[in-house]
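A short reminder: the numbers here are calculations on the coordinates, not readings from a lab. Small disclaimer: the values here were computed from a predicted structure and weren't measured. Positions of Cβ are generated from backbone atoms using ideal geometry, with glycine treated the same way; all protein chains shown enter the neighbour counts.
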Amino acid sequence: MAILEWDELCKMPDGAADARGEQKEALAEVAHSMTVCSKRGQLIRAAKRSRTLRTLDAYEKGNVRDAERTYLRVRVSPSLPSLRLSSIDLYTGAR
């Protein structure tokens, strides 16, 4: 997503805003479906129950904790506005 946004600001030709909006929306939908996937929840629960969790450093434990928070937040509210920002070109005002 960051590369698309950089290109949008620096290189994108005039008149390409509609196509770029569609690209960003499609990418956001894929990211969202990966975030709410039940397999992700199973993996997070398995990681929390694992003996290996005790051997992780603080940074790695934080990753597990943040993954769980994100998963639970998005599962409760699946249509978060932040996931829909990709369909709006904030720089040109185009949709």
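With θ taken as phi - 60° and the Karplus curve 6.51 cos²θ - 1.76 cosθ + 1.60 applied, the whole-hertz 3J(HN,Hα) list for region 60-69 is 5, 5, x, 4, 5, 4, 5, 4, 5, 4 Hz, x standing for glycine and proline.
Sorting 54-64, 30-40 by average packing, meaning the other beta carbons within 10 Å per residue, from highest down gives 30-40, 54-64.
Of all lysines in the structure, those lying under 25 Å Cα to Cα from Lys61, and not within fewer than 8 positions of it along the same chain, are Lys39, Lys48. Computed from label points 7 Å out along Cα-Cβ, the spacing between Ser38 and Glu25 is 2.9 nm. Bridging of Lys24 to lysines at a Cα separation below 23 Å is possible for Lys11, once same-chain residues fewer than 8 apart are set aside.
Model label sites at Met1 and Arg69, defined 7 Å from Cα along the beta-carbon direction, differ in position by 1.7 nm.
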